[in-house]
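Below is one structure; the comments refer to it alone.
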Amino acid sequence: MFRERVRRVIQPPAQENIDKLEKFVKEGNYYGAQQMYKSTSARYASAERYSDALNVLQSGACLQLDKAQITCGAELSLLFAETLAKSKVPYDEDTLDRVKKIFKKFPRLSVPQHLELADDDDLQKLSEAIAAAKTRVEGCSSFLKAAIKWSAEFGAHRYGSPELHDMLADYMYSESPEVDIGKVSFHFVRGKNPKKFASALVNFMGKCYPGEDDLAIVRAILMYLSMGNLRDANKLMDEVKMEVELKNLNFPSSELTQYVNYLLLTLQRDALPLFNMLRQTYKSSIDRESMFNELLDDIAEKFYGVRRRNPLEGIGDFFKMMGGD
């Protein structure tokens, strides 16, 4: 116990270590600095000097990312978010701003276009760019998912901070070399920016496989509705239609989009028989994606109080998606 007290006393002020480690980074000793950032912050945390630990980790994450040391920066970013939870820091705007400052340091770089893929050098460049993009997205995603988990536990919305969900959705969509629109949608519907979500969907329509465009739109609408959010579901549909018109594109016309238009109208009133009739009428279209029936079960429960046959169904989906599975 006495030794522990001594260790706590002799820990220098955080700024002293921050200045020393900044010098290491500027000299190009990234690996050495990384180990010291981790060990120094761990010592502060073990002494319950969490504020100092967070200051060291934030400084290190930002510096490493500034120097394009993505793996190092992402690791320190993740430790920062995990330390927020470990130290039970309440969710507030000041702490959210600290998370945002780190997030803004993650680079946004486009994958090279118009390369001659028959050329070995160009093929190598493309391969390296894709690998680097995946590293950036994975690192940023791990950091923001940990921050979302902290925010959900310590004061934000039960799904986590909407701002953090929007940040993650936007980064995943804009930076992923291979976009998983389902995972992107998962975070956008927990955010508060249907307009940006609509822009992402319309952009996705221009590069997805034939027949995927209506699925993406309907999936997004049903996700909103499964959370009881009829307002943003309607807003998203309106925004998508407006953006499609502005860009002189064709809104995907299919039985599935027809169904979801009817569904949005039906949910505005107490009309469970009509809800069930529409679901049966458009069953073949709904069955195009297995998750649609699960979402519709959630919608029936949210809007009409219809209990799921198995109340455990659907539980864990949030954490499964957050884990990236």
* Enumerate the pairs (first residue in segment 71-100 and farther than 18 Å from GLU153 by Cα; second residue anywhere and among the aliphatic types (A, V, I, L, M) and at pLDDT 95 or above) with beta-carbon separation below 7 Å, excluding pairs fewer than 6 apart on the same chain, so at least 6 apart or on different chains. => GLY73/ALA61; GLY73/LEU65; LEU76/LEU57; LEU76/ALA61; SER77/ALA61; SER77/ILE102
* Taking PHE197, is it among the aromatic types (Phe, Trp, Tyr), modelled with pLDDT of 95 or more and either under 30 Å from ALA152 (Cβ atoms) or outside any helix (DSSP H, G or I) (or both)? -> yes
* Kindly indicate whether any position in segment 285-297 is more than 28 Å from the chain's Cα centre (by Cα) and more than 23 Å from PHE188 (Cα to Cα). => yes
* Structure fact -> With the first residue restricted to segment 129-156 and required to be within 13 Å of GLY73 (Cβ to Cβ), and the second required to be small (Gly, Ala, Ser), Cβ contacts under 7 Å at 6 or more apart or on different chains are GLY139/ALA74; CYS140/ALA74; SER142/ALA74; PHE143/ALA74; PHE143/SER77; PHE143/ALA81
* Some residue of segment 250-257 being modelled with pLDDT of 95 or more and either in contact with a Gly (Cβ under 6 Å, 6 or more places away or on another chain) or surrounded by fewer than 15 Cβ atoms within 10 Å (Cβ to Cβ) (or both) -> yes
* Structure fact -> Condition set assigned to a helix (DSSP H, G or I) and touching a Phe, Trp or Tyr at 6+ places or on another chain (Cβ under 8 Å), scope segment 226-238, selection surrounded by the fewest Cβ atoms within 10 Å (Cβ to Cβ): answer is LEU230
* Structure fact -> Expected output for segment 252-275 (first residue over 16 Å from GLU289 (Cβ atoms), partner outside any helix (DSSP H, G or I) and at pLDDT below 95, Cβ below 8 Å, 6+ apart or cross-chain) is LEU272/VAL306
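Scan segment 273-286 and give yes if some residue there is at pLDDT below 95 and farther than 21 Å from ARG158 by Cβ, otherwise no.
Filtering segment 273-286 down to residues at pLDDT below 95 leaves none.
No, there is no match, as no residue in segment 273-286 is at pLDDT below 95 and farther than 21 Å from ARG158 by Cβ.
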* For segment 213-225, does any single residue satisfy the condition of being surrounded by fewer than 18 Cβ atoms within 10 Å (Cβ to Cβ) and free of Cβ contacts under 8 Å to residues at least 60 places away in the same chain? -> no
* Within segment 189-212, count every residue that is of a type in the set (Ser, Thr, Tyr) and touching a residue at least 40 places away in the same chain (Cβ under 8 Å). => 1
* What residue, among those in segment 200-225 that are in a helix (DSSP H, G or I) and of a type in the set (Gly, Ala, Ser), is nearest to GLU301 (Cα to Cα)? -> ALA220
* Structure fact -> Residue set GLY191, GLY182; condition assigned to a helix (DSSP H, G or I), surrounded by 15 or more Cβ atoms within 10 Å (Cβ to Cβ) and small (Gly, Ala, Ser); output residue GLY182
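Out of the residues in segment 15-68 that are among the polar types (S, T, N, Q) and surrounded by 19 or more Cβ atoms within 10 Å (Cβ to Cβ), state the one that is modelled with the lowest pLDDT. Step through it out loud before you land on a result.
First, pick out the residues of segment 15-68 that are among the polar types (S, T, N, Q): 15, 17, 29, 34-35, 39-41, 46, 51, 55, 58-59, 64.
Those left that are additionally surrounded by 19 or more Cβ atoms within 10 Å (Cβ to Cβ): 17, 34, 40-41, 55, 58-59, 64.
Working: ASN17: 93, GLN34: 96, THR40: 96, SER41: 96, ASN55: 97, GLN58: 98, SER59: 97, GLN64: 97.
By that ranking, first place goes to ASN17.
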* Which of (1) under 19 Å from the mean Cα position of the chain (by Cα); (2) not in a helix (DSSP H, G or I) does VAL99 not meet, given it meets every other one? -> (2)
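The values are calculated or read from the model by the stated rules, or taken from the named source; none is laboratory data. The shown structure was predicted, so the numbers you read here are calculated from the model rather than taken from an experiment. Heads up, the Cβs are rebuilt from the backbone with ideal geometry, glycines too, and the neighbour counts pull from every protein chain shown.
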